[in-house]
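Enquirer: Sharing a structure here in structure tokens format.
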Amino acid sequence: MAPEMTTLKGKPFSRAELDGLLRRTLFYTPSFEIYGGVAGFYDYGPPGCALNANIVDLWRKHFVIEENMLEVEGPMVTPHEILKTSGHVDRFCDWMVKDEANGDILRADHLVENVLEMRLKGDKEARGLVHVEKEEDPKKKKKKEKALANLEAKKLDDALVQEYEEVLAKIDNYDGAELGLLIEKYDIRNPATGNPVTPPTQFNLMFHIPNIGPSSSLYGFLRPETAQGQFLNFAKLLDYNNHRMPFASATIGKSFRNEISPRAGLLRVREFLMCEIEHFVDPEGGKKHARFHEVADVKLNLLDRDTQLSGKTEVSPMPIGEAVEKGIVDNETLGYFLARVQLFLIQLGCNPEKIRFRQHMATEMAHYATDCWDAELQTSYGWIECVGCADRSAYDLTVHMKRTGQPLQVRERLDEPRTVEYWAAETNKKEFGPKFRKDAPAVQGAIDALSDELREKLSVELKEAGKITLDVPNFGDGKVELTPDLITIEKRTRTENIRTYTPNVIEPSFGIGRILYALCEHVYWSREGDESRAVLSFPPSIAPMPVVLYPLSSHPDFKPLIARLSALLRKKRIHFAVDDSSASIGKRYSRRDQLGTPFHITADFESVQKNTFTLRERDSMEQVRATEQEIVDAVVNMVNGEETWEDVQARLPKFEGQAIEEGEEERKE
Ligand SMILES: Nc1ncnc2c1ncn2[C@@H]1O[C@H](COP(=O)(O)OP(=O)(O)OP(=O)(O)O)[C@@H](O)[C@H]1O
């Protein structure tokens, strides 16, 4: 259930107020709006662009530069063959249902989730535990009223409440058939109309490009992730890295998903900025990480698979070192990135208590993945996945290697020949060929692509269950069942002088728009709960506009002072603005608090006489007074993270001044 949110200062959080602020101040605005708009597309205005750029800048410093990652940038248009090989053409789908009467299309898992959440809310209201807020906006009223009419406050049976909670805890794990059963069992209907819906069908989320070039023989898609471009460059990157392993590549770029029902503003859109890392690691030796000790003590809020299976959502805060040691997180490299992701989110200004890491259930993970954790941020929409961290094993490199014949592998000369054990998966040609005929190569490809780890698991399954099921992208419904007469999986040994292996890939994948929006929720508050005195407390290095200069009035004596300050800040490449509007200084400060500006420099009459300026800090509204150079140096240091406001206050004289904040008595000229 969506949690009751509070602001930074512990007051009730209002999404409508924040959303209104972000749209009014042009953080973001619907795209193509004067033509009526298209769902799932947003433009960023000046503060949104600056905030986005600062987040990406920190991301590059925190990951790419810190870890010497190899950055690559590839095209967004991707030919069909590549995405067919990667499995996206056949499997990058969501389940959708249609309103049987009016044809409204809804995403099946979201429908189940929304309706069950509304019913639980209705139950809580009937028990007097919460009050469901009625929609005041007349435009939205109609739709919401219809929804509430279908889902009125109604007490549910205790056992049903528990069932609903269990379904919600596992909502990401259901396939189409299971969602269909839930819809039927709980009589789930389109909440906007009360009409029944059709059984779920699959919808591929990629945008189709019908012709690349004038002929239509080559076609493709807009990429749904940036990862494939990195995998295709693996051999060149390995060469660039002097054949040294491990190493990571990284890409910052747009991805596209034709979401069935874009919703929740920036959280589910059809075009978004992704920052993705592919860390290539030797699968042997437990996927250790040389710098793991640096993060071993970082405590993460972990929501593991077993806890979710029991229908619970409580997190256990645990140092990542302990989580890897206990096998809760599969390996050091994955654990290293989880901790680094948390440190990044905290540096951005996210509230550590509103960050958790949720492990994927076995059924939720791609079949090739060995472990997968999402970094989720708590928002008024609930816990939202903002960073996916998956161990993709050797799947991607293997399938592209099979398809192209290019060696996407590492060859390592051994000092001593060695005997190695491996799991051989061999088909019985006599039975296999006739059974699969023209599909035999596709099935064989899927078998060859299995990692050693998976083969070991499958050998047990084959023995115990008498069959195994594999995903085969180019075959029937995408699944094939193999029995012991068709395949043998057994442990064997061989001697090697050169070791050839396909690296495994640990992939942290960031959606910048989701992080940006969740961050805004985390740093939003208002003075004395007054919406018109809203504040966005971004850290100085992340704030869209870290400094604003104010002449106290339009008096001409202030102009040269502002020009001098501007020149100094420009030289230091600090993003600033001058607010010389005629509004009172308190109003002007307040306007900039709403954009998250942390530092305000004002030129007043003392500045003209003594060349000293006031510097105000956004959150505390406290001020110091010092010379032009001292003020600029302090701002530069704070924006670059070399000093804090407390450091500056300790070394520069405090300025009491007169009451100048909006709502208080204004300073006189
Ligand atoms: N439609 C979208 N709009 C905005 N960001 C997205 C969208 N889809 C994915 N992302 C971002 O990209 C990241 C990596 O994508 P990934 O494929 O792991 O997401 P996903 O599991 O498909 O997300 P979801 O289950 O929410 O659709 C996500 O953590 C998220 O931040």
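Every read-out reported here was derived from the displayed coordinates using simple, explicitly stated rules and does not represent laboratory data. What you see is a predicted model, and the numbers here were worked out from it, not measured in a lab. Because the Cβ atoms are built from the backbone with ideal geometry, glycine has one as well, and the counts that use them run over all protein chains shown.
Enquirer: What translational diffusion coefficient, to the nearest whole µm²/s, does segment 282-383 have by Stokes-Einstein, given a Kirkwood radius computed over alpha-carbon pairs, a temperature of 4 °C and 1.567 mPa s viscosity?
Expert: Estimated via Stokes-Einstein, D reaches 92 µm²/s.
Enquirer: Most exposed first by the Cβ proxy, i.e. fewest other Cβ within 10 Å, how do Phe13, Phe27, Phe280 rank? Intermediate results must be reported in sequence, preceding the final value.
Expert: On the way: Phe13 19, Phe27 28, Phe280 25.
Lowest count first: Phe13, Phe280, Phe27.
Enquirer: With the cut-off at 1.5 for a/c, could you classify segment 174-304 from its C-alpha gyration tensor as rounded, prolate or oblate?
Expert: Oblate, because a/c is 1.5 or more while a/b does not exceed b/c.
Enquirer: Over segment 545-651, what is the relative contact order in whole percent, taking alpha-carbon pairs under 8 Å and six or more residues apart?
Expert: Values: 153 pairs, mean separation 28.7, N = 107.
About 27 percent, as a whole number.
Enquirer: Which of Tyr240, Tyr517 comes first, and how do the rest follow, when ranked by fewest Cβ neighbours within 10 Å?
Expert: Lowest count first: Tyr240, Tyr517.
Enquirer: Using unit Cβ charges (K, R positive; D, E negative) and no other charged atoms, how large, in debye to the nearest 20, is the dipole of segment 290-433 about its Cα centre?
Expert: Value, rounded to 20: 460 debye.
Enquirer: Using only Cα atoms, tell me the angle between helix 452-465 and the longest principal axis of the chain; keep it within 0 to 90° and round to the nearest 10.
Expert: 60 degrees
Enquirer: To the nearest 10 degrees, how steep is helix 628-639 against the longest Cα principal axis of the chain, on a 0 to 90 scale?
Expert: Once rounded, the angle reads 20 degrees.
Enquirer: Turning to a different aspect of this structure: Kindly provide the helix-only [θ] at 222 nm of the chain, computed as the sum of -39,500 (n - 2.57) over DSSP H runs of four or more divided by all residues, to the nearest 500 deg cm²/dmol? Kindly include the intermediate steps, with their values, before the conclusion.
Expert: Working: 24 runs with 235 residues, N = 669.
Value at 222 nm, helices only, nearest 500: -10000 deg cm²/dmol.
Enquirer: Using the Cα centre of segment 486-586 as origin and beta-carbon charges of +1 (Lys, Arg) and -1 (Asp, Glu), tell me which of Leu569, Ser537, Tyr524 is placed farthest towards the positive end of the dipole.
Expert: Of Leu569, Ser537, Tyr524, it is Leu569.
Enquirer: How much space per residue, in cubic angstrom, does the convex hull of the C-alpha atoms of the chain take up?
Expert: Output value, Cα hull per residue: 205 Å³.
Enquirer: Answer rounded, prolate or oblate for segment 412-501, using the Cα gyration tensor with square roots of eigenvalues a ≥ b ≥ c: rounded when a/c is under 1.5, else prolate when a/b is larger than b/c, else oblate. All intermediate terms of the calculation are to be shown ahead of the outcome.
Expert: Working: a/c = 2.30, a/b = 1.85, b/c = 1.24.
Since a/c reaches 1.5 and a/b is larger than b/c, the shape of segment 412-501 is classed as prolate.
Enquirer: With labels modelled as points extended 7 Å from the Cα through the Cβ direction, what inter-label distance (nm, one decimal) is found for Ala53 paired with Ala177?
Expert: 5.3 nm
Enquirer: Give me Tyr501, Tyr524, Tyr368 sorted ascending by neighbouring Cβ count inside 10 Å, so fewest comes first. Numbers along the way, then the final one.
Expert: Values: Tyr501 15, Tyr524 24, Tyr368 21.
Least crowded to most crowded, the residues run Tyr501, Tyr368, Tyr524.
Enquirer: Nearest-5 percent of antiparallel DSSP beta bridges in the chain?
Expert: Given both bridge residues lie in the chain, the antiparallel proportion sits at roughly 90 percent.
Enquirer: Please give the helix 46-59 orientation as an angle from the longest Cα principal axis of the chain, in degrees from 0 to 90, rounded to the nearest 10.
Expert: The helix 46-59 is inclined about 50 degrees to the chain.
Enquirer: Still on this structure, I have one more. Might you report the magnitude of the Cβ-based charge dipole of the chain about its Cα centre, with Lys and Arg at +1 and Asp and Glu at -1, to the nearest 20 debye?
Expert: For the chain, the charge dipole is close to 1420 debye.
Enquirer: Just in segment 1-44: which GluC sites (Glu not before Pro) are loop by DSSP and have at most 14 other Cβ atoms within 10 Å?
Expert: Loop-located and lightly packed - Glu4.
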